[in-house]
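Every number in this text was worked out from the coordinates using simple rules, so none of it is lab data. Quick caveat: nothing in here was measured; it's all calculated off a predicted structure. Cβ: placed from backbone, ideal geometry, glycine included. Neighbour counts: every protein chain shown.
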C-alpha cells in the first residue's frame, strides 16, 4: 500500500446538466444551447481517456506549521494541520482526461468555432470534476473496507493552499505514467486534470463529510469544508 503508486482507470459519467452547472446557464439560455451542449458531451466522452494515479504516504508529524510526511515532503498551514488531526497517512492523487480533449478544444478555437469551443471546454471541466469525484469514491470505499476514515481532499490553488503546492504532489506521484506534467505556472497539462491530498486514519477527527463529527458543532461558517459542495459519501452507503 505504501511507497508505491497505483494507476487506476476511473469511470467517466457526464450529463448535460453537469455542463449547465459549470456554465451557470439557466432558463432560456440553457434551452437555446441544448443541442450544442449535447454535442459537446458526446465529444468529451469520445475524446477522453480517464486515468488516475494515487499513492499512500505515512504521516510523520502534525504541527501548527504544517504536516510532514514519511517521504520527507511537507504541506504548510494551520488548516492542513487541522484537517490531518488523527491521520495515519495521506493519499496523494492525480486524475486526468488525457491530452486528446485539449487538442479538440484547441482545434475548435482555431477553426473559429468559438461557442462550440467554450461549451466543450465547460463540458471537459465538468467531466474532469466528475472523474475526480469517481476516484475519491473509489478511495473512500477502500478506506471504509479497512475500517478507516477519510478526510476532506486538500487541493492546491484553494484559499488554504497556494497553487505552488502542486509541486509536492508531483514529486510524490511522478504522474508521467498517466501523461500528466507540471508547468512552470504550477498548472497541469493536460488542462482537464485534478489533484489533491487526502488524510486517512482510524482516529481521524475531521471526516470527509462536514455534517459528521467535530464539524457538526464548529461555528466557522466560512470554512472551506462548508463552502465547497460535498459529494462522495452521499453516494456511498456507510
Compute the angle between helix 114-145 and the longest alpha-carbon principal axis of the chain, please, reported from 0 to 90 degrees and rounded to the nearest 10.
30 degrees
When the chain is modelled as a GNM with alpha-carbon springs shorter than 10 Å, which of 27, 66, 98 fluctuates the most?
27
Helix 99-110: angle to the longest alpha-carbon principal axis of the chain, degrees 0 to 90, nearest 10?
40 degrees
Once each part is reduced to its C-alpha centroid, what is the distance from the range 141-210 to the range 55-80 in angstrom?
13 Å
What's the Kirkwood radius of the range 42-129 in Å, using all Cα pairs?
15.6 Å
Gained length - residue 158 relative to residue 17, 0.36 nm times residue gap less alpha-carbon distance:
48.3 nm
Just subtract the alpha-carbon distance of residue 9 and residue 103 from 0.36 nm times their residue separation and send over the number in nm, one decimal.
31.7 nm
Using only Cα atoms and rounding to the nearest 10 degrees, what angle (0 to 90) does helix 34-47 make with the longest principal axis of the chain?
60 degrees
Just to be sure I understand the model, the point goes 7 Å from the Cα along the line to the Cβ. What's the resulting residue 183 to residue 144 distance in nm?
3.7 nm
Before anything else, pin down the relative contact order of the chain: Cα pairs under 8 Å, at least 6 apart, normalised by residue count, whole percent.
24 percent
Take every Cα-Cα distance within the chain, group them into 10 Å bins from 0 onward, and report for each bin the whole-number percent of pairs it holds.
7, 30, 34, 20, 7, 1
Residue list for the range 1-33, given a label point 7 angstrom along the Cα-to-Cβ vector of residue 115 and an amide N cut-off under 20 Å:
16-33
Gaussian network model of the chain, Cα springs within a sub-10 Å range: biggest mean-square fluctuation belongs to which of 30, 127, 95?
30
If 8, 132 are placed from fewest to most neighbouring beta carbons inside 10 Å, the sequence is 8, 132
